[in-house]
Amino acid sequence: MDNFDSDPRRLNAPWREARGDRAEGRTMRKRSGRNGFLIWQAVRRTVALDRVAPIAVIRVTWRWLVRCCLLISVLALAGCADRPMPAAPGGESLRDGPAVPMQLWRADAQEEAVILALHGFGDSGALTFPGAAAAWNARGITVYAPDQRGFGASETRKRWPGSAALISDAIALSREIRRRHPSVPLVVVGHSMGAAVALAAARKGLDADALVLAAPAITGGGEIDPFSRAGAWTLSMFLPDRRWSAERVIDVRPSDNVVAMRLVSRDPRHFATPSSRELYGLLQLMDRAAAAAPQVDLPVITLMGKKDGFLNPARVRRAHETIAGAGAFIFYEEGWHWLFRDLQAARVWGDVGDFVLAQRARP
């Protein structure tokens, strides 16, 4: 009998990918000293630490840099550079769009609106939105949920495609979905990393009537301190393919829904061990989203949970307020990072459904 619920250590474990045996972990810790010295030398040259006070030099250590990078990574919240990779073969092929694995949930009755749903880092459309899609289908909303390049069932899983490729894919998908459904509103719903893709794409020609940003990883730009940025860059240069687990650094979990976490942890489409390359690429995507915000005048609502352990609500609110078309900032007292899968997710589904259907009244 699985003793999952009785062990608090395992309660936080199911959303993380299996990490291999302990011997490998001990070996990596032995190597970290040698790797740390090389990275320390690179960071000194990068940020000119010789010119700052000695106490500051002491504080910027290998362990500190790793912690900063892990804090960025668990925002679910990334490639050395934005080097596009070919679209993954397989999946549903949309005309004029990328061939991607696609989950399609059609409206139960007369179609009133369409949602393009973009999942977060390490996730999958089919894992993130099934409950939400059922609620939206019942209200006449069709839902398209692709597995973005580098994630889910994509053949390029665990290969960072570059933020430019993610953005161009979202734009291509939105245009093809609009072609298929020309007479109803199209709203792009993005979760975490998917929200950053949606916001950045809205500046580049995303064909949408409105945006919903849920637990959004959009706090780039000035919200990321220089040392964290330098640490992420350095790791991507020296250890680009090294994958990180935040378990020993940050004790957080994405949701209060234990069943959902257990199911996801056993699904091969999900992973929660980002590489250094992916960390830095994700940081670049967040920067793009932050830069795009003042130029996005589409109606936008942002959803945020008080118990989100990956994002800072105050920073997310500040980022939301920079969006030209910013509307409501909805704050859920019982919300976690996985807003669409939490125990109180029905409230989120309802708020999103109301906003999507309200776009029918817009000219």
Residues with amide H under 5 Å of VAL100's amide H, sequence separation 5 or more or different chain, H placed in the peptide plane at 1.01 Å from N; which?
-> GLU92, LEU94
Given 296-306, 222-232, the highest-first ranking by average Cβ count within 10 Å works out to 296-306, 222-232
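Could you quote the convex hull projected area for region 159-283, Cα atoms only and averaged over all directions, in nm²?
On the way: hull surface 39.0 nm².
Projected area, direction-averaged: 9.8 nm².
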When you have a sec, figure out the Kirkwood radius of region 113-204 from all distinct Cα pair distances and drop it here in Å to one decimal?
-> 13.3 Å
For region 117-124, in order, what is each residue's ³J(HN,Hα) by Karplus, 6.51 cos²θ - 1.76 cosθ + 1.60 with θ = phi - 60°, in whole Hz (x at glycine and Pro)?
-> 9, 10, 6, x, 5, x, 10, 8
Hey, what do the phi angles of region 138-152 turn into as Karplus ³J(HN,Hα) couplings, whole Hz, using 6.51/-1.76/1.60 and θ = phi - 60°, x for Gly and Pro?
-> 5, 9, x, 10, 7, 10, 9, 10, x, 8, 5, 3, x, 9, x
Give me Rg over Rh for region 243-344, both radii from the alpha carbons and Rh done the Kirkwood way, two decimal places.
-> 1.00
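No value in this document is a laboratory result; all are computed from the given coordinates. Just so it is clear, the structure is predicted and the values come from calculations on it, not from any experiment. Don't worry about glycine lacking a Cβ; one is built from the backbone with ideal geometry, like all the others, and counts go over all protein chains shown.
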